[in-house]
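Data block below; observations after.
The values are calculated or read from the model by the stated rules, or taken from the named source; none is laboratory data. Bear in mind that the values here come from a model prediction, so they are computed numbers and not experimental data. Heads up, the Cβs are rebuilt from the backbone with ideal geometry, glycines too, and the neighbour counts pull from every protein chain shown. These accessible areas exclude ligands, DNA and RNA; they are computed on the full protein's heavy atoms, side chains included. Shrake-Rupley method; radii C 1.70, N 1.55, O 1.52, S 1.80 Å.
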Amino acid sequence: MAFISAGYNPDKPMEGRITDIGPKHYDSFYPEVIKKNKGKWSHHEILEPGVLVHVGESGDEVFTVRCGGARLMSVTHIREICEIADKHCDGHVRFTTRNNIEFMVTSKDKMNALKADLAQRKFDGGSMKFPIGGTGSGISNIVHTQGWIHCHTPATDASGTVKATMDTVFEDFQSMKMPAKLKISMACCLNMCGAVHCSDIAILGYHRKPPILDHEYLDKVCEVPLAVASCPTAAIRPSKVELPNGTTVNSVAVKNERCMYCGNCYTMCPSMPLSDKEGDGIVLMAGGKVSNRISAPKFSKVVVAFLPNEAPRWDNMTVAIKKMINAYSNGANKYERLGDWAERIGWERFFEVCDLEFTHHLIDDFRDAAYHTWRQSTLFKF
Amino acid sequence: MAKHETPLLDQLESGPWPSFVSDIKQEAATRAKNAKGLDYQMPSDVCDDLLGILELSYKDGTTHWKHGGIVGVFGYGGGIIGRYCDKPKDFPGVAAFHTVRVAQPGGKYYTTAFLNQLMDIWDLRGSGLTNMHGSTGDIILLGTTTPQLEEIFYQLTHEMGQDLGGSGSNLRTPADCIGSSRCEYACFDTQELCYFLTMTYQDELHRPAFPYKFKFKFDGCPNGCVCSIARSDLSFIGTWKDQIQVNQAEVKAYIDGKTVDNGGAFKGRDWGKFDIQKEVIDLCPTGCMALVKGELKINDKECTRCMHCINVMPKALKPGKDKGVSILCGAKAPIVDGAQMGTLIRPFISIDQTLNKQLSDFEDEDEWMEYLAEKYEAITEFIELVWDYWMEEGKNRERLGELMMRQGLQKFLEKVEVEPMAVHVQHPRTNPYIFWKEDEVEGGWGRDIEDYRKAHSR
Ligand code: HEM
Ligand code: HEM
Ligand code: HEM
Ligand code: HEM
Ligand code: SF4
Ligand code: SF4
Ligand code: SF4
Ligand code: SF4
């Protein structure tokens, strides 16, 4: 490999440097029909799962075909998306917040040609490249984080748990028979880059062992005060440690019972690794929402305290998710989100109908907000 | 023949959902073939080694990435996440595997010309793998080496007119819902406001000067499709102040079953004939609707704009005309005191619907930005009050929501110059432990014990 310079001169980094220009202006990316009707849309209809039509006050129509995508995408795959967009959509395409791909066309004929084209594209391994769906009262794509593909603190993989889950709920990605929208999100450690704490169902990676201390190297590669300061629960304090060879080094001590396994110390200090095959696994949460429709947004609640990492398909995790979805689908009224349903029937009933075990781990004991989650009434169900 | 055996990952190639494993393998094959004869600046087997190291994680249940130290481009404090693997000998292709965050365009609309040009850069200078998109919104270019960073930045800025996004203790790349560009529910132009603020605060975005990260997100209406209320320190949610616009003829079409309810969102199951009483009027959380002689009446004064009735009958009902945004402050993920949602601080900032000139109506972008600066002045003033307070009082790594929790809502309202109102709380306090300010109490706190003793003997 010979280094190819783009024109940047490392000796004069400021020469001709362009900064602070932000993203490209959206106008240059809008399809014509969007530009023309922006702010003047009259209504929309979901014609079938994954296919929407928006009608402008002008009478213009735009047909959108929404496809699922793994958020991890290769250059080759993106070039294929571009090829499709060039062929059918005058070179325009968009992505949704939930990692779906949207192709837009302006007539039913074009829409049918587009759908037929998308449906036949498959990866060599057999999976679909562009499954159409993700609209209305079904299960859309999962928002997720990096996991073992890239991050240093994950307790599980993101892409793999998502693939396993989407395969399991695939029918509901391509249909709209749920009582309301059902949103699933995934984050691979409790930092929650995916902000999963308000989802109908959340998959969360969770460590259960405090960091291991590499005393010999700690002071050499880390700054002890930084490691101490990084801990949100003040579990770390400086300490002097005698190594087996008799030398004494500056290091840290961790008060294990205060540790919430967040990995912030490992971010600051590579001599405090966290991950562990037996310790790490999955927490499932349920019943959150962010929409203001009918009821206020609410947090997800922990419903399964721990499941081991069963790579590559996390079978017990997908079984538990499926149990919740089935019970919800059978029990909820039209328009009722999973959390609203659970509150109506009561959480004690939720565990019963979902066939999930309630264990002491699910009782909040974290600081005084916990009190508000205990039952202060005689209104309970047998 | 694959470089590494990946029996576990191979099991993720089956099933209908798009397989990231198949896609990475596809990229590995493209690079091995190298039809374009590129002089790849990352090892050409980077994708094979990524599969190899991922297979190892699947086997031993732990990550093999180390924190990347501080890498970046000159003059910026964010936009790059450094990453090294902990088995560089076995997987040299991914020994260094830094990500580049590229600021995404509003509404995530693209032209293929743009995407292809970006892919040309990434083909040559990176792993050939991306995330479309990261959870804050940026395009994530996944995996390259340190010497490539400046080159990529140079090509992005010089050849594409495109900047990096934010990371670190600064303003993160703002993100918006599709908004009025294709959604009839939108109460403001999410793309315009998002772009305007992104451009106005470029310095805050690229150069960390904050106690911690700070996020803006823009939802066009209370449906909240980008989840701003849960994911952003400042959440902008479109809303309206006047009456829901009702078209009685269209209401009738819904009642008569001539128009499909909910824009077809519930088509997949037979829920029985649409029943406006049961599905709309009885579910309205404020009970402010009624059917009077076949006409839908809404007592708008009592409506809390939850969107339910509009979602059910989009052809008949539209948000009002006096539109604007509600601003909620302080949402964050759980670290450390638990997750927080945004707290309502500015119930309504009106956005003048007549100020709707577009970029194309101006000579250049600067003039348009000046126009917008006036249009959104009330918003930028508020943002800056929030930042002043947070930068003055926030501790290192303290999110806005945590500061609000620590110092209280009263203090926050005072600092951002908002009159306390009943809408700021779900209910008034249940304890009487009111900490009075001395100047609020008649005569202050200074008292004379001798005066007291005149009436009360020792
Ligand atoms: C029940 C409440 C909701 C209703 C009625 C609703 C309605 C809609 C509608 C009509 C659209 C289409 C906009 C368009 O493409 O023209 C949309 C898009 C979308 N919604 Fe929702 N929504 C709701 C809640 C949510 C929630 C809670 C989330 C996420 C947690 C969400 C995520 C999305 C996403 C990602 C899109 C694609 C738009 C984009 O990428 O900007 N929605 N929603
Ligand atoms: C204290 C909390 C958090 C910490 C310590 C943290 C830390 C990190 C780290 C280390 C990465 C790099 C992952 C990689 O290897 O690429 C990352 C990525 C990222 N984080 Fe966070 N994070 C936190 C919370 C959040 C939250 C709440 C959000 C969004 C709502 C977020 C959004 C992102 C995004 C968009 C990325 C890029 C990669 C991705 O999308 O997965 N982070 N974060
Ligand atoms: C809804 C009401 C309340 C909420 C959401 C709340 C929330 C919190 C939170 C998050 C903390 C942890 C702060 C930290 O240590 O970093 C905390 C601590 C504390 N709160 Fe509250 N609080 C509430 C009501 C009260 C009331 C009414 C009192 C007393 C009358 C109180 C007394 C305390 C005390 C003494 C601590 C320190 C306890 C410790 O060190 O863990 N709180 N509160
Ligand atoms: C600093 C705090 C408090 C002090 C010093 C205090 C002191 C007292 C005293 C001296 C009495 C007896 C009054 C009498 O019968 O002569 C009393 C009664 C009582 N206190 Fe408190 N108290 C405090 C806080 C509270 C709180 C927070 C609660 C409830 C949430 C409470 C509930 C009661 C009740 C229910 C009675 C009985 C009243 C009755 O006779 O029906 N107290 N308290
Ligand atoms: S959620 Fe945790 S492990 Fe996953 S990408 Fe974010 S910081 Fe890394
Ligand atoms: S993992 Fe988190 S809680 Fe545990 S010691 Fe490290 S920083 Fe503290
Ligand atoms: S938040 Fe509201 S305006 Fe924005 S896309 Fe969703 S429904 Fe439309
Ligand atoms: S928007 Fe919600 S609160 Fe307002 S009338 Fe409609 S259903 Fe009722």
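Just one of the listed residues (A:VAL254, A:VAL249, A:VAL196) is within 11 Å of chain B (Cβ to nearest Cβ) and either out of contact with any Cys (no Cβ under 9 Å at 6 or more places or on another chain) or surrounded by fewer than 23 Cβ atoms within 10 Å (Cβ to Cβ) (or both), namely A:VAL196.
Going through the range B:322-338 one residue at a time, which ones are assigned to a loop (DSSP other than H, G, I, E, B) and within 16 Å of ligand 7 (Cβ to nearest atom)?
Across the range B:322-338, the qualifying residue is only B:ALA331.
Okay, residues lined up against (1) within 16 Å of ligand 7 (Cβ to nearest atom); (2) modelled with pLDDT under 95:
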site: A:CYS269; (1), (2): no, yes
site: A:SER275; (1), (2): no, yes
site: A:ALA286; (1), (2): no, no
site: A:ARG293; (1), (2): yes, no
site: A:PRO297; (1), (2): yes, yes
site: A:VAL304; (1), (2): no, no
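With respect to the conditions (1) closer than 25 Å to B:THR6 by Cα; (2) in a helix (DSSP H, G or I); (3) of a type in the set (A, V, I, L, M), B:MET119 falls short on a single one, namely (1). Of the numbered criteria (1) touching a Ser or Thr at 6+ places or on another chain (Cβ under 7 Å); (2) away from ligand 5 (no atom under 16 Å from the Cβ); (3) polar (S, T, N, Q); (4) in a loop (DSSP other than H, G, I, E, B), the one A:SER275 fails is (2). Of the residues making up the range B:152-176, those that are open to solvent by 10 Å² or more (accessible area, probe 1.4 Å) and facing chain A (nearest Cβ under 7 Å) number 4.
Looking at the range A:289-317, which of the residues that are more than 8 Å from chain B (Cβ to nearest Cβ) and not in a strand (DSSP E or B) is nearest to ligand 2 (Cβ to nearest atom)?
Within the range A:289-317, the subset more than 8 Å from chain B (Cβ to nearest Cβ) is A:289, A:296, A:298, A:300-308, A:310, A:314-317.
Next cut, not in a strand (DSSP E or B) only: A:296, A:300, A:310, A:314-317.
Numbers: A:ALA296: 20, A:SER300: 14, A:GLU310: 22, A:TRP314: 19, A:ASP315: 25, A:ASN316: 25, A:MET317: 20 Å.
Taking the candidates together, the pick is A:SER300.
Modelled with pLDDT of 95 or more and crowded, with 24+ Cβ neighbours inside 10 Å: is that true of A:ILE142 in this structure? Yes: the conditions hold for A:ILE142. Within the range A:84-101, being open to solvent by 20 Å² or more (accessible area, probe 1.4 Å) and either of a type in the set (Gly, Ala, Ser) or assigned to a strand (DSSP E or B) (or both) holds for one residue alone: A:HIS92.
Where strands (runs of 3 or more DSSP E) sit wholly within the range A:1-83, those with at least 3 residues that are within 8 Å of another protein chain (Cβ to nearest Cβ) and surrounded by 17 or more Cβ atoms within 10 Å (Cβ to Cβ) occupy A:41-48, A:72-74. Just one residue in the set B:ILE244, B:ILE255, B:ILE298, B:ILE237 is more than 16 Å from ligand 5 (Cβ to nearest atom), over 30 Å from A:GLN174 (Cβ atoms), within 13 Å of another protein chain (Cβ to nearest Cβ) and β-branched (Val, Ile, Thr); that residue is B:ILE237. Is it the case that the range A:355-362 has a residue that's more than 30 Å from B:LEU9 (Cα to Cα) and within 11 Å of chain B (Cβ to nearest Cβ)? Within the range A:355-362, not a single residue is more than 30 Å from B:LEU9 (Cα to Cα) and within 11 Å of chain B (Cβ to nearest Cβ).
Select, from B:PHE210, B:PHE188, B:PHE216, the only residue that is within 13 Å of the chain's Cα centre (by Cα) and not assigned by TED's automatic domain parsing to the domain that holds B:ILE80.
Values: B:PHE210 fails: within 13 Å of the chain's Cα centre (by Cα); B:PHE188 fails: within 13 Å of the chain's Cα centre (by Cα).
None of the others qualify; the one that does is B:PHE216.
Please work out if B:ALA339 is modelled with pLDDT of 95 or more and small (Gly, Ala, Ser). No, not satisfied.
Taken together, the criteria place A:SER300 among residues that are within 16 Å of ligand 1 (Cβ to nearest atom), of a type in the set (Gly, Ala, Ser) and surrounded by 21 or more Cβ atoms within 10 Å (Cβ to Cβ). In the range B:270-313, of all residues being within 25 Å of the chain's Cα centre (by Cα) and of a type outside the set (A, V, I, L, M, F, W, C), the one that is surrounded by the fewest Cβ atoms within 10 Å (Cβ to Cβ) corresponds to B:THR304.
For the range B:213-239, give me each residue that is away from ligand 1 (no atom under 16 Å from the Cβ) and in contact with a helix residue (DSSP H, G or I) (Cβ under 9 Å, 6 or more places away or on another chain). Full working, then the answer.
To start, the set of residues in the range B:213-239 that are away from ligand 1 (no atom under 16 Å from the Cβ) comprises B:213-214, B:233-234.
Those that are away from ligand 1 (no atom under 16 Å from the Cβ) and in contact with a helix residue (DSSP H, G or I) (Cβ under 9 Å, 6 or more places away or on another chain): B:PHE214, B:ASP233, B:LEU234.
Being within 13 Å of chain A (Cβ to nearest Cβ), more than 16 Å from ligand 2 (Cβ to nearest atom), among the hydrophobic types (A, V, I, L, M, F, W, C) and touching a residue at least 12 places away in the same chain (Cβ under 8 Å) is true for just one of B:LEU291, B:LEU317, B:LEU328. Which residue is that?
Working: B:LEU291 fails: within 13 Å of chain A (Cβ to nearest Cβ); B:LEU328 fails: more than 16 Å from ligand 2 (Cβ to nearest atom).
Going through B:LEU291, B:LEU317, B:LEU328 in turn, just one is within 13 Å of chain A (Cβ to nearest Cβ), more than 16 Å from ligand 2 (Cβ to nearest atom), among the hydrophobic types (A, V, I, L, M, F, W, C) and touching a residue at least 12 places away in the same chain (Cβ under 8 Å): B:LEU317.
Could you tell me whether any residue of the range B:171-187 is free of Cβ contacts under 8 Å to residues at least 60 places away in the same chain, under 25 Å from B:GLY330 (Cα atoms), polar (S, T, N, Q) and away from ligand 7 (no atom under 13 Å from the Cβ)? No, there is no match, as no residue in the range B:171-187 is free of Cβ contacts under 8 Å to residues at least 60 places away in the same chain, under 25 Å from B:GLY330 (Cα atoms), polar (S, T, N, Q) and away from ligand 7 (no atom under 13 Å from the Cβ).
So is A:MET178 of a type in the set (A, V, I, L, M), more than 16 Å from ligand 3 (Cβ to nearest atom) and either facing chain B (nearest Cβ under 7 Å) or surrounded by fewer than 24 Cβ atoms within 10 Å (Cβ to Cβ) (or both) or not? Walk me through it before giving the result.
Details: of a type in the set (A, V, I, L, M): yes; more than 16 Å from ligand 3 (Cβ to nearest atom): yes; either facing chain B (nearest Cβ under 7 Å) or surrounded by fewer than 24 Cβ atoms within 10 Å (Cβ to Cβ) (or both): no.
It is false that A:MET178 is of a type in the set (A, V, I, L, M), more than 16 Å from ligand 3 (Cβ to nearest atom) and either facing chain B (nearest Cβ under 7 Å) or surrounded by fewer than 24 Cβ atoms within 10 Å (Cβ to Cβ) (or both).
Across the range A:257-272, the qualifying residues are those that are more than 7 Å from chain B (Cβ to nearest Cβ), in a loop (DSSP other than H, G, I, E, B) and hydrophobic (A, V, I, L, M, F, W, C), and the one among them that is surrounded by the fewest Cβ atoms within 10 Å (Cβ to Cβ) is A:MET260.
If you take the residues of the range B:316-343 that are crowded, with 21+ Cβ neighbours inside 10 Å and under 15 Å from B:VAL246 (Cβ atoms), which of them is farthest from ligand 3 (Cβ to nearest atom)? By that ranking, first place goes to B:ALA316. Set side by side, the residues A:MET104, A:MET111 differ, and just one is more than 16 Å from ligand 3 (Cβ to nearest atom) and either out of contact with any Ser or Thr (no Cβ under 6 Å at 6 or more places or on another chain) or in a helix (DSSP H, G or I) (or both), which is A:MET111. Please verify whether B:HIS98 is touching a strand residue (DSSP E or B) at 6+ places or on another chain (Cβ under 6 Å), more than 8 Å from chain A (Cβ to nearest Cβ) and modelled with pLDDT of 95 or more, treating the condition exactly as stated. Spelling it out, B:HIS98 is indeed touching a strand residue (DSSP E or B) at 6+ places or on another chain (Cβ under 6 Å), more than 8 Å from chain A (Cβ to nearest Cβ) and modelled with pLDDT of 95 or more. Listed by position, the helices (runs of 4 or more DSSP H) inside the range B:1-99 whose residues that are farther than 30 Å from A:MET14 by Cα and of a type in the set (S, T, N, Q) number at least 3 are B:20-33. Looking across the range A:250-296, the residues that are within 16 Å of ligand 1 (Cβ to nearest atom) and not charged (D, E, K, R) come down to A:MET285, A:ALA286, A:GLY287, A:GLY288, A:VAL290, A:SER291, A:ASN292, A:ILE294, A:SER295, A:ALA296.
Is it true that B:PHE210 is in a loop (DSSP other than H, G, I, E, B), touching a helix residue (DSSP H, G or I) at 6+ places or on another chain (Cβ under 8 Å) and of a type in the set (Phe, Trp, Tyr)?
Values: in a loop (DSSP other than H, G, I, E, B): yes; touching a helix residue (DSSP H, G or I) at 6+ places or on another chain (Cβ under 8 Å): yes; of a type in the set (Phe, Trp, Tyr): yes.
Spelling it out, B:PHE210 is indeed in a loop (DSSP other than H, G, I, E, B), touching a helix residue (DSSP H, G or I) at 6+ places or on another chain (Cβ under 8 Å) and of a type in the set (Phe, Trp, Tyr).
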